[in-house]
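The values are calculated or read from the model by the stated rules, or taken from the named source; none is laboratory data. It should be emphasised that the depicted structure is a prediction, and the values quoted were computed from it without experimental measurement. A quick note on method: Cβ atoms are made from the backbone with ideal geometry, for glycine too, and the neighbour counts reach across all protein chains shown.
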Amino acid sequence: MLYYPKIPGPKDAPVGHCVAFEKLDGTNLHWCWDRDFGWHAFGTRRDRFDLTPAGTAVFAAAHPGLEDAPAVFLDTLAGPLDATLRHHAEFSGRGEVRAFTECLGPNSFAGQHRRDEPKETVLIDVWVGETGFVGPEAFVATFGHLPTPRVVYRGKLTGAFLEAVRRGKYDVAEGVVCKGGHGADVWMVKAKTLAYLDRLKASFGTKWEVFWE
């Protein structure tokens, strides 16, 4: 099962208002919550484990370099995010809530992490069972007090903006994720910088496209 969609590049981006967030160079993880049981499961974009000692051990064996991700989430973001979800009635009784985070360290790159480096977890999206993804403006309003990606732009999604991102004019290392709409109509596109492209080519040679848009 794919728990988080693959974000397309900007080629077919819709025209309209967007919020552009800095794209963090980490690993996408999801965390499952409901009001009765709290945080009870987690995993990557493609797999899921029980949030128990046994489940985290299986996760650690399957994902070298991310062994400490569950502990980092539980020690830092889990409590404040739980409190926020319980404070807002719209997250109750509408199916499972999934919080999506990026797990990364100071030198994480293209999904690769150094085991000896401390990790952080940053909230990038929230999905509610009956309604879909929380829209970008509501996400900022509801969860912006938590560790979330920096908003680098609000406005019409234009070719000029995307080209400025490519050329490094927004001071982002990897690029941006542009989001618009709300609920079932939320859309996302990503754009990466030319500097990041150069890093990919230097690190992966002819396989750089695997990590591009």
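Of the residues making up segment 83-104, those that are in a strand (DSSP E or B) and farther than 18 Å from GLU22 by Cα are VAL97, ARG98. Within segment 1-14, the set of residues being within 20 Å of PHE211 (Cα to Cα) and modelled with pLDDT under 90 comprises LEU2, PRO10, LYS11, ASP12, ALA13. Listed residues GLU137, GLU96, GLU117, GLU102; which is within 16 Å of CYS32 (Cα to Cα), more than 13 Å from the chain's Cα centre (by Cα) and charged (D, E, K, R)? Testing whether each residue is within 16 Å of CYS32 (Cα to Cα), more than 13 Å from the chain's Cα centre (by Cα) and charged (D, E, K, R) leaves just GLU96.
Can you report the number of residues in segment 102-125 which are in contact with a strand residue (DSSP E or B) (Cβ under 6 Å, 6 or more places away or on another chain) and closer than 17 Å to ALA60 by Cβ?
Residues that pass the stated criteria total 4.
Looking at segment 64-88, which of its residues are of a type in the set (Asp, Glu) and either touching a residue at least 24 places away in the same chain (Cβ under 8 Å) or buried (at least 17 other Cβ atoms within 10 Å of the Cβ) (or both)?
GLU67, ASP68, ASP82
Restricting segment 172-192 to residues that are among the β-branched types (Val, Ile, Thr) and part of a loop (DSSP other than H, G, I, E, B), the residue that is surrounded by the fewest Cβ atoms within 10 Å (Cβ to Cβ) is VAL186. Looking across HIS40, HIS17, one residue alone is modelled with pLDDT of 95 or more and more than 14 Å from the chain's Cα centre (by Cα). It is HIS40. Please work out if LEU2 is within 17 Å of the chain's Cα centre (by Cα) and either part of a strand (DSSP E or B) or closer than 23 Å to ARG199 by Cβ (or both). Against the criterion (within 17 Å of the chain's Cα centre (by Cα) and either part of a strand (DSSP E or B) or closer than 23 Å to ARG199 by Cβ (or both)), LEU2 does not qualify.
For segment 156-165, check the following and say yes or no: at least one residue is on the phi > 0 side of the Ramachandran plot and either in contact (Cβ under 8 Å) with a residue 40 or more places away in the chain or over 15 Å from the mean Cα position of the chain (by Cα) (or both). Within segment 156-165 (the criterion being on the phi > 0 side of the Ramachandran plot and either in contact (Cβ under 8 Å) with a residue 40 or more places away in the chain or over 15 Å from the mean Cα position of the chain (by Cα) (or both)), the answer is no, since none of the residues qualifies.
Just give me the residues in segment 141-163 being part of a helix (DSSP H, G or I) and surrounded by fewer than 17 Cβ atoms within 10 Å (Cβ to Cβ), in sequence order.
Step one: filter segment 141-163 for residues part of a helix (DSSP H, G or I), giving 141-143, 159-163.
Across segment 141-163, the qualifying residues are ALA141, GLY159, ALA160, GLU163.
The residue of segment 128-140 that is surrounded by the most Cβ atoms within 10 Å (Cβ to Cβ), among those that are farther than 13 Å from LEU81 by Cβ and without any contact (Cβ under 8 Å) to a residue 60 or more places away in the chain, is PHE133. Within segment 38-63, residues that are within 24 Å of SER92 (Cα to Cα) reach partners that are of a type in the set (D, E, K, R) with beta carbons closer than 8 Å, at six or more positions or on different chains, in the pairs GLY38/ASP82; TRP39/ASP82; HIS40/ASP34; HIS40/ASP50; ALA41/ARG48; ALA41/ASP50; PHE42/ARG48. If we keep just the residues of segment 91-112 that are of a type in the set (D, E, K, R) and under 9 Å from VAL128 (Cα atoms), which is modelled with the highest pLDDT? Applying the filter and picking the extreme gives ARG98.
Residues of segment 170-185 that are of a type in the set (Asp, Glu) and under 17 Å from the mean Cα position of the chain (by Cα): GLU174 alone.
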